[in-house]
Amino acid sequence: MARTTWVLGNWKQNLLREPARNLAAAIAEGLSAARGEVQDERLRVGVAPTFLTLDTVAPYTGEAAIQLRLLAQDVAAQESGAFTGEVGPAMLREAGVRAAIIGHSERRAHFGDHDTLVAAKVHAALAGDLDVVLCVGETLAQRDEGEHEAVVISQLSAALGGIQDPAMRARVVVAYEPIWAIGTGRTATPEQASAMHGVIRSWLASAGLGADRSVLYGGSVKPNNAADLLAAGDIDGFLVGGASLDARSLLDIVSAAAAHAAANSGS
Ligand code: PGA
(Lines give C-alpha, C1' and ligand atoms only; values in the text may rest on other atoms or scores of the structure.)
Protein backbone atom coordinates (compact mmCIF):
# COMPACT_ATOMS: atom_id res chain seq x y z
CA MET A 1 0.00 0.00 0.00
CA ALA A 2 1.27 3.48 -0.81
CA ARG A 3 2.49 5.45 2.18
CA THR A 4 0.78 8.68 3.18
CA THR A 5 2.50 11.86 1.99
CA TRP A 6 2.62 14.72 4.47
CA VAL A 7 3.31 18.45 4.33
CA LEU A 8 3.44 19.88 7.84
CA GLY A 9 4.18 23.53 8.61
CA ASN A 10 5.96 24.25 11.88
CA TRP A 11 5.33 27.90 12.69
CA LYS A 12 7.65 27.85 15.71
CA GLN A 13 7.52 30.97 17.93
CA ASN A 14 6.03 33.14 15.21
CA LEU A 15 2.75 34.89 14.39
CA LEU A 16 0.46 36.77 16.73
CA ARG A 17 -3.24 36.05 16.54
CA GLU A 18 -4.19 38.05 13.49
CA PRO A 19 -1.38 36.96 11.18
CA ALA A 20 -1.90 33.38 12.38
CA ARG A 21 -5.59 33.60 11.47
CA ASN A 22 -4.82 35.16 8.09
CA LEU A 23 -2.21 32.56 7.24
CA ALA A 24 -4.43 29.64 8.29
CA ALA A 25 -7.31 31.08 6.27
CA ALA A 26 -5.12 31.53 3.18
CA ILE A 27 -3.72 28.01 3.38
CA ALA A 28 -7.16 26.46 3.97
CA GLU A 29 -8.59 28.42 1.05
CA GLY A 30 -5.68 27.42 -1.18
CA LEU A 31 -6.21 23.76 -0.28
CA SER A 32 -9.87 23.84 -1.15
CA ALA A 33 -9.20 25.76 -4.37
CA ALA A 34 -6.77 22.98 -5.32
CA ARG A 35 -9.37 20.34 -4.47
CA GLY A 36 -8.72 18.19 -7.53
CA GLU A 37 -4.99 18.34 -7.04
CA VAL A 38 -4.92 17.50 -3.35
CA GLN A 39 -7.93 15.26 -2.98
CA ASP A 40 -5.79 12.18 -2.88
CA GLU A 41 -6.50 10.74 0.52
CA ARG A 42 -2.89 9.67 0.87
CA LEU A 43 -1.92 13.35 1.14
CA ARG A 44 -2.14 15.15 4.50
CA VAL A 45 -1.43 18.83 5.14
CA GLY A 46 -1.15 20.38 8.58
CA VAL A 47 0.19 23.31 10.55
CA ALA A 48 1.56 23.61 14.07
CA PRO A 49 0.92 27.07 15.52
CA THR A 50 1.92 28.15 19.03
CA PHE A 51 -0.23 26.80 21.87
CA LEU A 52 -1.83 30.23 22.25
CA THR A 53 -3.00 30.42 18.66
CA LEU A 54 -4.36 26.86 18.39
CA ASP A 55 -7.86 28.19 19.09
CA THR A 56 -7.40 30.88 16.44
CA VAL A 57 -6.33 28.42 13.79
CA ALA A 58 -8.70 25.56 14.75
CA PRO A 59 -11.73 26.89 12.82
CA TYR A 60 -9.74 26.58 9.57
CA THR A 61 -8.81 22.95 10.22
CA GLY A 62 -10.53 19.58 10.09
CA GLU A 63 -10.11 15.88 9.56
CA ALA A 64 -11.33 15.38 5.98
CA ALA A 65 -8.71 14.44 3.40
CA ILE A 66 -8.54 17.89 1.88
CA GLN A 67 -8.67 19.82 5.13
CA LEU A 68 -5.82 21.45 6.98
CA ARG A 69 -4.88 19.47 10.10
CA LEU A 70 -4.01 21.02 13.43
CA LEU A 71 -0.80 19.99 15.17
CA ALA A 72 0.99 21.10 18.32
CA GLN A 73 4.71 21.90 18.40
CA ASP A 74 5.22 19.94 21.62
CA VAL A 75 3.33 18.19 24.40
CA ALA A 76 3.87 17.51 28.09
CA ALA A 77 5.32 14.18 29.17
CA GLN A 78 2.55 13.69 31.70
CA GLU A 79 -1.20 13.61 31.51
CA SER A 80 -1.97 16.42 33.97
CA GLY A 81 -1.02 17.72 37.40
CA ALA A 82 1.48 19.98 39.13
CA PHE A 83 3.72 20.68 36.12
CA THR A 84 4.03 24.44 35.78
CA GLY A 85 4.14 25.70 32.22
CA GLU A 86 3.20 22.42 30.58
CA VAL A 87 0.32 21.62 28.21
CA GLY A 88 -0.97 18.05 28.25
CA PRO A 89 -2.41 15.78 25.57
CA ALA A 90 -6.04 16.11 26.72
CA MET A 91 -5.77 19.92 26.60
CA LEU A 92 -4.44 19.72 23.07
CA ARG A 93 -7.17 17.29 22.04
CA GLU A 94 -9.76 19.66 23.43
CA ALA A 95 -8.24 22.46 21.31
CA GLY A 96 -8.72 20.34 18.18
CA VAL A 97 -5.16 19.02 17.92
CA ARG A 98 -4.74 15.48 16.60
CA ALA A 99 -0.94 15.19 16.48
CA ALA A 100 2.09 16.60 18.25
CA ILE A 101 5.60 17.25 16.99
CA ILE A 102 8.00 15.76 19.56
CA GLY A 103 11.77 15.96 19.89
CA HIS A 104 12.36 18.86 17.51
CA SER A 105 16.07 19.69 17.52
CA GLU A 106 15.36 23.19 18.83
CA ARG A 107 13.67 21.62 21.86
CA ARG A 108 16.50 19.12 22.25
CA ALA A 109 19.14 21.88 21.98
CA HIS A 110 17.56 24.72 23.97
CA PHE A 111 15.00 23.21 26.33
CA GLY A 112 16.58 20.03 27.59
CA ASP A 113 14.42 17.58 25.65
CA HIS A 114 16.83 14.68 26.01
CA ASP A 115 16.08 11.17 24.75
CA THR A 116 14.37 10.02 27.95
CA LEU A 117 12.08 13.03 28.04
CA VAL A 118 11.32 12.65 24.33
CA ALA A 119 10.35 9.02 24.93
CA ALA A 120 8.09 10.04 27.83
CA LYS A 121 6.42 12.65 25.64
CA VAL A 122 5.86 10.10 22.88
CA HIS A 123 4.24 7.72 25.35
CA ALA A 124 2.09 10.46 26.92
CA ALA A 125 0.94 11.65 23.50
CA LEU A 126 0.02 8.19 22.22
CA ALA A 127 -1.68 7.27 25.49
CA GLY A 128 -3.56 10.58 25.28
CA ASP A 129 -4.81 9.78 21.80
CA LEU A 130 -2.52 12.14 19.91
CA ASP A 131 -0.58 11.02 16.86
CA VAL A 132 3.16 11.71 16.95
CA VAL A 133 5.60 13.34 14.55
CA LEU A 134 8.96 12.33 16.02
CA CYS A 135 11.95 14.45 14.93
CA VAL A 136 15.42 12.97 14.72
CA GLY A 137 18.62 14.32 13.19
CA GLU A 138 22.34 14.81 13.61
CA THR A 139 24.58 17.85 14.02
CA LEU A 140 27.11 18.81 11.37
CA ALA A 141 29.97 17.63 13.61
CA GLN A 142 28.31 14.22 13.97
CA ARG A 143 27.89 13.96 10.21
CA ASP A 144 31.48 15.01 9.61
CA GLU A 145 32.58 12.29 12.04
CA GLY A 146 30.49 9.74 10.14
CA GLU A 147 28.25 9.23 13.18
CA HIS A 148 25.02 10.48 11.63
CA GLU A 149 23.38 7.10 11.12
CA ALA A 150 24.27 5.87 14.60
CA VAL A 151 22.96 9.09 16.15
CA VAL A 152 19.65 8.86 14.34
CA ILE A 153 19.22 5.17 15.16
CA SER A 154 19.91 5.83 18.80
CA GLN A 155 17.33 8.65 18.86
CA LEU A 156 14.79 6.36 17.18
CA SER A 157 15.38 3.49 19.51
CA ALA A 158 15.24 5.71 22.63
CA ALA A 159 11.95 7.28 21.55
CA LEU A 160 10.15 4.37 19.94
CA GLY A 161 11.86 1.20 21.13
CA GLY A 162 9.55 0.80 24.11
CA ILE A 163 6.24 1.06 22.27
CA GLN A 164 4.73 -2.41 22.26
CA ASP A 165 1.16 -1.74 21.22
CA PRO A 166 0.83 -2.15 17.41
CA ALA A 167 -2.06 0.34 17.30
CA MET A 168 0.15 2.95 18.96
CA ARG A 169 3.08 2.20 16.67
CA ALA A 170 0.84 2.85 13.68
CA ARG A 171 0.32 6.43 14.87
CA VAL A 172 3.94 7.53 14.62
CA VAL A 173 5.47 9.47 11.74
CA VAL A 174 9.23 10.12 11.76
CA ALA A 175 10.74 13.39 10.51
CA TYR A 176 14.44 13.35 9.64
CA GLU A 177 15.78 16.82 10.24
CA PRO A 178 19.54 17.21 9.97
CA ILE A 179 20.26 20.04 12.42
CA TRP A 180 22.71 21.69 10.05
CA ALA A 181 19.92 22.13 7.49
CA ILE A 182 17.31 23.72 9.76
CA GLY A 183 16.79 27.43 9.14
CA THR A 184 20.18 27.65 7.44
CA GLY A 185 19.13 27.62 3.82
CA ARG A 186 21.39 24.60 3.44
CA THR A 187 19.26 21.62 2.45
CA ALA A 188 20.44 18.04 2.63
CA THR A 189 20.96 16.81 -0.91
CA PRO A 190 18.23 14.50 -2.15
CA GLU A 191 20.80 11.68 -1.98
CA GLN A 192 21.76 12.43 1.64
CA ALA A 193 18.11 12.65 2.69
CA SER A 194 17.07 9.58 0.76
CA ALA A 195 19.97 7.54 2.15
CA MET A 196 19.06 8.43 5.73
CA HIS A 197 15.40 7.72 5.06
CA GLY A 198 16.42 4.25 3.93
CA VAL A 199 18.32 3.77 7.20
CA ILE A 200 15.31 4.98 9.21
CA ARG A 201 12.94 2.74 7.31
CA SER A 202 15.15 -0.30 7.88
CA TRP A 203 15.27 0.47 11.58
CA LEU A 204 11.48 0.88 11.72
CA ALA A 205 11.03 -2.45 9.94
CA SER A 206 13.53 -4.26 12.18
CA ALA A 207 11.93 -2.79 15.31
CA GLY A 208 8.54 -4.03 14.17
CA LEU A 209 7.14 -0.55 13.58
CA GLY A 210 6.29 -1.41 10.03
CA ALA A 211 7.90 -0.52 6.74
CA ASP A 212 4.78 1.47 5.85
CA ARG A 213 5.46 4.30 8.33
CA SER A 214 5.82 7.67 6.62
CA VAL A 215 9.26 9.28 6.94
CA LEU A 216 9.39 13.04 6.34
CA TYR A 217 12.32 15.31 5.65
CA GLY A 218 12.80 18.72 7.25
CA GLY A 219 15.47 21.39 6.87
CA SER A 220 15.24 24.37 4.51
CA VAL A 221 12.53 22.80 2.34
CA LYS A 222 11.33 25.36 -0.20
CA PRO A 223 9.09 25.27 -3.28
CA ASN A 224 12.19 25.07 -5.48
CA ASN A 225 13.69 21.97 -3.86
CA ALA A 226 10.59 20.01 -2.81
CA ALA A 227 10.10 18.08 -6.06
CA ASP A 228 13.78 17.06 -6.27
CA LEU A 229 13.76 15.78 -2.71
CA LEU A 230 10.59 13.77 -3.31
CA ALA A 231 11.99 12.34 -6.53
CA ALA A 232 14.99 10.91 -4.65
CA GLY A 233 12.75 8.18 -3.25
CA ASP A 234 11.91 7.11 0.29
CA ILE A 235 10.87 10.67 1.24
CA ASP A 236 7.18 10.87 2.16
CA GLY A 237 6.82 14.61 2.50
CA PHE A 238 8.10 17.41 4.67
CA LEU A 239 8.20 19.23 7.94
CA VAL A 240 8.56 22.84 6.82
CA GLY A 241 9.67 25.74 9.01
CA GLY A 242 10.42 29.10 7.38
CA ALA A 243 8.59 28.41 4.11
CA SER A 244 5.40 27.51 6.01
CA LEU A 245 5.03 31.13 7.15
CA ASP A 246 4.02 32.11 3.63
CA ALA A 247 0.80 30.62 2.23
CA ARG A 248 1.99 30.58 -1.39
CA SER A 249 5.25 28.82 -0.49
CA LEU A 250 3.53 26.17 1.58
CA LEU A 251 0.88 25.62 -1.09
CA ASP A 252 3.55 25.24 -3.76
CA ILE A 253 5.23 22.59 -1.63
CA VAL A 254 1.82 20.93 -1.23
CA SER A 255 1.47 20.87 -5.03
CA ALA A 256 4.78 19.05 -5.35
CA ALA A 257 3.67 16.60 -2.65
CA ALA A 258 0.30 16.10 -4.34
CA ALA A 259 2.00 15.21 -7.61
CA HIS A 260 4.22 12.76 -5.71
CA ALA A 261 1.25 11.18 -3.90
CA ALA A 262 -0.66 10.83 -7.17
CA ALA A 263 2.34 9.28 -8.94
CA ASN A 264 2.76 6.75 -6.13
CA SER A 265 -0.87 5.97 -5.57
CA GLY A 266 -0.69 2.70 -7.42
CA SER A 267 2.30 1.32 -5.53
P1 PGA B 1 13.25 25.23 8.20
O2 PGA B 1 12.81 24.49 9.56
O3 PGA B 1 12.34 24.74 7.12
O4 PGA B 1 13.06 26.69 8.50
O5 PGA B 1 14.66 24.85 7.98
C6 PGA B 1 12.47 23.12 9.54
C7 PGA B 1 12.08 22.67 10.92
O8 PGA B 1 12.64 23.14 11.90
O9 PGA B 1 11.16 21.82 11.06
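Separation of region 95-120 and region 189-267 by C-alpha centroid, Å?
20 Å
What size of dipole, in debye to the nearest 20, comes out for region 85-169 about its Cα centre when the only charges are +1 on Lys and Arg C-beta atoms and -1 on Asp and Glu C-beta atoms?
Using only the charged Cβ atoms, the result is roughly 280 debye.
How many nm separate the modelled label positions at ALA263 and ASN224, each set 7 Å beyond the Cα in the direction of the Cβ?
About 2.0 nm, to one decimal.
Calculate, for ASP129 and ASP55, the FRET efficiency according to 1/(1 + (r/R0)^6) with r their C-beta to C-beta distance and R0 25 Å; round to the nearest 0.05.
Given R0 = 25 Å and the Cβ-Cβ separation, E is 0.85.
Return the distance in nm (one decimal) between the two label points of a simple spin-label model at THR184 and GLU18, each offset 7 Å from Cα along Cα→Cβ.
Label-label distance for THR184 and GLU18, simple model: 3.7 nm.
Quick one: dipole size for the chain, taken about the Cα centre, charges +1 on Lys/Arg Cβ and -1 on Asp/Glu Cβ, in debye to the nearest 20. Display every interim value, and only then the final one.
On the way: 21 positive and 30 negative charges, 72 e Å.
In debye, rounded to 20, the chain gives about 340.
State to the nearest 20 debye the size of the charge dipole of region 176-267 about its Cα centre, where the only charges are +1 on K and R beta carbons and -1 on D and E beta carbons. Show your work: numbers first, answer last.
Details: 5 positive and 8 negative charges, 19 e Å.
Here region 176-267 has a charge dipole of around 100 debye.
If Lys and Arg each add +1 and Asp and Glu each add -1, what is the summed charge of the other residues whose beta carbon sits under 13 Å from the beta carbon of ALA77?
Once all neighbours under 13 Å are counted, the net charge is -3.
Tell me the relative contact order for the chain as a rounded percent, counting alpha carbon contacts under 8 Å between residues six or more apart.
23 percent
Students often get this wrong: which residues of region 107-121 have the backbone nitrogen under 19 Å from the point 7 angstrom along Cα-to-C-beta of ALA141?
107-115
Provide the descending list of Cα extents for the chain along its principal axes, expressed in whole angstroms.
Result for the chain: principal-axis Cα extents of 47, 44, 35 Å.
Show TYR60, TYR176 ordered by accessible area, largest first, where the area counts protein heavy atoms only and the probe is 1.4 Å. Let's see the in-between values first.
Numbers: TYR60 75, TYR176 0 Å².
Per-residue accessible area, sorted high to low, gives TYR60, TYR176.
Net charge around TYR60, counting only other residues with Cβ within less than 12 Å of its Cβ (Lys, Arg = +1; Asp, Glu = -1)?
Charge balance near TYR60 sits at 0.
Once the other residues with Cβ under 9 Å from the Cβ of TRP180 are scored (Lys, Arg +1; Asp, Glu -1), what is the net sum?
Result for the neighbourhood of TRP180: +1.
So if R0 is 45 Å, what FRET efficiency would ASP246 and GLU79 give, r being the distance between their Cβ atoms, rounded to the nearest 0.05?
0.80
The values are calculated or read from the model by the stated rules, or taken from the named source; none is laboratory data. Remember, it's a predicted structure, so these values are computed and weren't measured experimentally. Using ideal geometry, Cβ is built from the backbone for each residue, glycine included, and neighbour counts are taken over all protein chains shown. When the accessible area is computed, the model is the full protein with side chains, heavy atoms only, and any ligands, DNA or RNA have been set aside. Shrake-Rupley method; radii C 1.70, N 1.55, O 1.52, S 1.80 Å.
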